[in-house]
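Undergrad: Have a look at this one before I ask anything.
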Amino acid sequence: MLKIRGDNQTVPRNTVVPIPLTVRIVDAQGRPVAGVPVTFTTGGGGTTFVAPAIGATIVVTTDASGLAKATIQMGSGSGSRTAQASAPGTTAVTFTVTGT
């Protein structure tokens, strides 16, 4: 699993981050793999996913480009929060988002 976009964003508390957390799944030859379920999980602190579903844990299936995207909203607290993306047969990646 490759972390593509969305890491290290800083936004005001209770705000949706502008760039979705995005990962890509590729095969051993580097080709994108569609149809893989990617589980996105927040590290707490009132942070939740708002798209494509709402919750602290959501599952997004990779598209034809091997991409899975999830949009997160910061909670009411300030400071760094983490979110993790994991998929079967891959190494999980962690994203950090900071609320101000």
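Undergrad: Restricting to segment 43-60, name every residue that is assigned to a loop (DSSP other than H, G, I, E, B), in contact with a Ser or Thr (Cβ under 7 Å, 6 or more places away or on another chain) and loosely packed, with under 14 Cβ neighbours inside 10 Å.
TA: 54
Undergrad: Of everything in segment 66-100 that's surrounded by fewer than 13 Cβ atoms within 10 Å (Cβ to Cβ) and touching a residue at least 40 places away in the same chain (Cβ under 8 Å), which residue is farthest from residue 30 (Cα to Cα)?
TA: 76
Undergrad: Between residues in segment 18-42 that are within 15 Å of residue 83 (Cβ to Cβ) and outside any strand (DSSP E or B) and residues that are open to solvent by 40 Å² or more (accessible area, probe 1.4 Å) and at pLDDT 95 or above, which pairs lie under 6 Å by C-beta distance while being six or more apart or on different chains?
TA: Every condition considered, the pairs that remain are 19/5; 20/69.
Undergrad: Let me ask something else about it. If you scan segment 22-33, which residues turn out to be surrounded by 14 or more Cβ atoms within 10 Å (Cβ to Cβ) and of a type in the set (A, V, I, L, M, F, W, C)?
TA: Result: 23, 25, 26, 33.
The values are calculated or read from the model by the stated rules, or taken from the named source; none is laboratory data. This one's a predicted model, so the numbers in the text were calculated from it and none came from an experiment. Heads up, the Cβs are rebuilt from the backbone with ideal geometry, glycines too, and the neighbour counts pull from every protein chain shown. Calculation scope for accessible area: heavy atoms of the full protein, side chains included, ligands and nucleic acids excluded. Shrake-Rupley method; radii C 1.70, N 1.55, O 1.52, S 1.80 Å.
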